[in-house]
């Protein structure tokens, strides 16, 4: 589940969209949306972190 250049670019341009396309409407998306409302930079930092450093897949780490 490697991050592509497109994923990172979307995370910079519109952070919630990048996270939504990677994880769907899960907790990561809502956290990113709230952080983006608080400020554009926190949303970008969180989105890039989640997209590049996610340790499990969407179904769970053991599936």
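FYI, it's all coordinate maths here, none of it is from the lab. No experiment lies behind these values; they were computed from the predicted model shown.
Observations, loosely collected:
- Estimated at 0.36 nm per residue, the fully extended path between residue 4 and residue 26 surpasses their Cα-Cα distance by 5.9 nm.
- Extended-chain gain in nm, criterion 0.36 nm per residue less alpha-carbon gap, residue 17 and residue 38: 5.9 nm
- Cα gyration tensor category, rounded, prolate or oblate, for region 5-53 with a/c compared to 1.5: oblate
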